[in-house]
1. Are there any helices (runs of 4 or more DSSP H) wholly within segment A:351-433 with 2 or more residues that are more than 14 Å from the chain's Cα centre (by Cα) and at pLDDT 95 or above, and if so which?
2. Within segment A:219-236, can you find the residues that are more than 12 Å from C:T241 (Cα to Cα) and in contact with a Pro (Cβ under 9 Å, 6 or more places away or on another chain)?
3. Tell me, which residue of segment C:97-138 that is more than 18 Å from C:A223 (Cα to Cα) and polar (S, T, N, Q) is surrounded by the most Cβ atoms within 10 Å (Cβ to Cβ)?
4. Within segment A:455-470, work out how many residues are surrounded by fewer than 19 Cβ atoms within 10 Å (Cβ to Cβ) and in a helix (DSSP H, G or I).
5. Would you be able to say whether some residue in segment C:35-47 is under 26 Å from the mean Cα position of the chain (by Cα), of a type in the set (A, V, I, L, M, F, W, C), under 24 Å from C:I260 (Cα atoms) and part of a helix (DSSP H, G or I)?
6. Would you list the helices (runs of 4 or more DSSP H) that sit entirely within segment C:139-225 and hold 3 or more residues that are surrounded by 14 or more Cβ atoms within 10 Å (Cβ to Cβ) and at pLDDT 60 or above?
7. Residues of segment C:81-103 being of a type in the set (G, A, S) and more than 11 Å from chain B (Cβ to nearest Cβ), which ones?
8. For segment C:3-13, enumerate the residues that are free of Cβ contacts under 8 Å to residues at least 60 places away in the same chain and more than 7 Å from every other protein chain (Cβ to nearest Cβ).
Amino acid sequence: MSSHEPGLIRKYIFSTDHKVIGIQYALTSLAFLFIGLMLMLLMRWQLANPGQPVPIVGGALEGLLGEPAGEGKISADLYNSFGAMHGTIMIFLGVVPLVFGAFANYLVPLQVGAADMAFPKLNMLSYFLYLIGGVIMLVSFFVPGGAAQAGWTSYPPLATIIPTDGQTYWLVAMVFLITSSLLGSINIIVTVMQLRVPGLTWMRLPFFVWSEFVTAFLLLLAFPPMEAGAILQLMDRLAGTSFYMPHGLILSGQPATGLSGGGSPLLWQHLFWFLGHPEVYVLILPAMGIVTEVIANNTRKPIWGYRALVGSALAIGFLSMVVWAHHMYVTGMGTGISMFFQTTTTIISIPSVIIMTCLMLSLWGGAIRFTVPMLFAIAFLPMFGIGGLTGLPLAFTMADVALHDSYYIIGHFHYVVAPGTIFAVFAGIYYWFPKVTGRHMNRGLGYLHFWGSLVCMNLIFFPMLFQGLGGMGRRMSDGGYIYSAAHPSNEGVIGSLSDAVVQLNGVIAWSALALAAFQLPFIYNFFYSAFAGRPVENDNPWQATTLEWQTPTPPPHGNFTQEMFVYREPYAYSLHANEPAGRAPESSATAGEFVDFEAQNQPLGAAVTTEMPANQASIL
Amino acid sequence: MSEISPSPISPSPIALPPALSIPAAPHAGVQQIQNEQKRYLAVYATLICGTALTVAMYYVHFEALWQTVAVALVIAAVKAACVATIFMHLWQGQRDVYRLLLFTGAFAATMFALTIYSIFSLPGTGHYLR
Amino acid sequence: MKIPYTTEIREDTGLYNAKAGMWLFLASEAMLFGALFSAYVFLRIGAWEGEWPHGLLNVPIGAFNTLVLITSSLTVAMSWTSLKMGDLQRYRRFQFVTLFCAAAFLGIKGWEYFDKFNHYEIWLKEPVSSQEYPQLAGHFADPDQPVASVIGHIEGIGPFQTLASLQEEGESAVELHPDAFHYRLSARQQAELRKAERPSDPAVSHGADAEHASVRIDLSRIARMSAFVPRHGTFFATYFTLTGLHALHVLGGALMFAFILWPGARMWRDDPERYTNSVEVAGLFWHFVDLVWIFLFPVIYLL
């Protein structure tokens, strides 16, 4: 530990301490999640009330964004911008930095017993590259032409010919974000490989560390191809090359001029989805890791099938690299290759199901404590289940051709990331909050947040599945009104969207508003509890086994106050429930306290008592 | 590696606690380093020969394009292997690095093969390989 | 607070931290260049018949640059062994050579780029035949078959011109010097032509006969003209992108070595083991950059 205290700026802004960087990541990415949520609200308003001025914030919108938001209405171009930026912000600036930057940064070194990351300065650099990337992304709203409009996937030729500088900003920001996550993933992998404390063998790692380890590999190896793709698209936009511009391109009825042609839009899709699909597992694997930790702790029993979990995580890591083109069935790339990707895609569902099965079975026979993090973790299981099962039809070419580009897809992947990953993130925040701040979050507000979010999430995303099956396309800025039976020009047209399908937009919009409202108790709880919440009673308020709970609260610079050794597997809960008390002399617990767990660093043969605790309720 | 086991005392094949600090590797002997330098010079000579061969191949010309490609890539692969094993010290048995490179190679090969494969279903392409 | 294994080797992995980190970084770099090579092959296989140009690059210069890079790799490896033996002066001498080679590589590359910028392809509205322009003999694989575009350098107009920019400057015609490159032809056809014509090395630009022959082309006959810049076509787009990115890596590696050599040299006094390691790790990167060039050179220049 360094003897001298660094200055405030060095301590809280340009810090190399993994915990401070983790908190920086968390606050920044939560802010971006909030921005993404606001964009979603604006879009939902537009879809439910096409062409109507946005209430309350319409004027501010016009003031900020100018002509595209004229009279407070969201123009089609602006809607496209919001759509592209909602996806980009949520994925690249919100969820990934949250699950990988924040959680992994804070917890992985603690859980492997390290004093810090392997490369603390690179860690700081990684955060600031992320911040710069994020700022560039936000600034792009205010450049001529507005932000990127070609979707979060930025498909050329549209992305290249679109007359806005926002797309260039998007690409530059992506290069920053890719570099940031590259440094982050190198750091995580080296930390896990090199800095594990003695005794912490691979099969004794908490599953969360495993999930972040696999995630880091996905980021390390899958992001560079997309970076290559982004560089090529940047060349197309800035140097006038034709990497993605085919021969004979017709723009608005005119042959494109000034282009050599000879490129292929398919190339971008390959390079993009080579990242894009592993990215899905970057979003979900750490979530599974968080949920595993929370479930093990709150069921008070070892996780069911630890080895199967680890094997499945590794299998997902490998397989996720060979499934990418199932996003491209409708590009006309041929049946042979579609067949290949169809096969690998169905195979990858097996390890996912194994993980879900293990987590489900872990609940069985457990003495479940329904704490707020546990509620989120339990809700994660069926929510991710719906997300996964609705994905099955999309794995098959024939079904996918019909469902692709419909709202069904939107419903499907939002079930995976919104009530899936984001619920896991909330579980993680409620669970580790006492360690980070030394204070509990308020339980009542937590319940309110949970039940409100659960109901609203389902009211938002389940109707989308129906809308998609009812034929609604995913990128229409008027919510399908122009194709609906209600539109005057569609009178008597067979196959136009039914009123019910279009009117679901209203349900979704109100639910979205309610969802946003239910985040207010969380935001209040988060900041209030950080400063004035109930202080933790000891360093291990959840009575958890993993190493991060065996530190002072909050962990000091350098993390551990004594040398750490690991003696056992990560989830040693209730292993001695049926044994007589006082089996061995040295116990970490004070006399008479109920201890149904053994911390990983607790020497073998430590004591357990089986008396029911008087203070059991206080830890809920 | 230990099992997750419900037994009261978890089996631990590892003697605990092991020594915390492994002494830094001592400076290699002078003789060893001179051998190393000889290897470097040998690799250098190989690389120059390889480059000369590659350029010569350009002026020789084979019947079909695939022959040219194959020869050029084989020479390049040999050169690359020399650089990787000797200059980058891969021959020194670094198991974790081998594993990493194996994964990376597999992923790169899949990306390459599947991306290229997808183009053959497009009309009017692939005349180079016909 | 001390992070373990910054210098010493961890027993079960056989690596110190920086080396593990560098190998991971190289794995990701391999994916980056792997993707770019994939893109290259994808575009080339997908190219229309006759669209992919041959022989536009200067092979002897490219080969020379290969040697420069190989030499720098050797000096990097030797400098590391010098440090292992504790000989700082010898290490420095080797690293000077490395930095010199890096500068030479970038300089030659820059010259090559500049040379390309001064060459033009002109697409004509009507194809020209060899009867009309015997000066363009090198362009015709089959003398009876007219060609739609001609290639050469144009004196007096500088780089990066387009048809529009020339018209703006009030030019009415350009004087095209068809170079001795046999641009139009496949490598095999070039070889046959070369055997038939003369034994001298044809890849040296501005061959003797090319200097005399020039063709005057009226701007009104030109449909499109482009210098050999990225937007010329997918071939030059890939050439400039791949070699440009590689050149950036060379620059980055050279800066890293320069940093270790001068401002970072204090570490030699404090922790010679770690200093030696930093040279090894930077060397890994340098060898990787060399390795990329080993593939780039034949793939871009020769095939």
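The values are calculated or read from the model by the stated rules, or taken from the named source; none is laboratory data. This structure is a prediction, so every number in the text was calculated from the model and none was measured. In this analysis, Cβ positions are derived from the backbone assuming ideal geometry, glycine residues included, and neighbour counts consider all displayed protein chains.
1. A:372-395, A:407-416
2. Listed by number, the residues that qualify are A:L219, A:L221, A:A222, A:F223.
3. Selected residue: C:T98.
4. 6
5. Scanning segment C:35-47, I find no residue that is under 26 Å from the mean Cα position of the chain (by Cα), of a type in the set (A, V, I, L, M, F, W, C), under 24 Å from C:I260 (Cα atoms) and part of a helix (DSSP H, G or I), so the answer is no.
6. Here the list reads C:187-197.
7. Once the filter is applied, which keeps residues that are of a type in the set (G, A, S) and more than 11 Å from chain B (Cβ to nearest Cβ), segment C:81-103 yields C:A102, C:A103.
8. Selection gives C:D12 alone.
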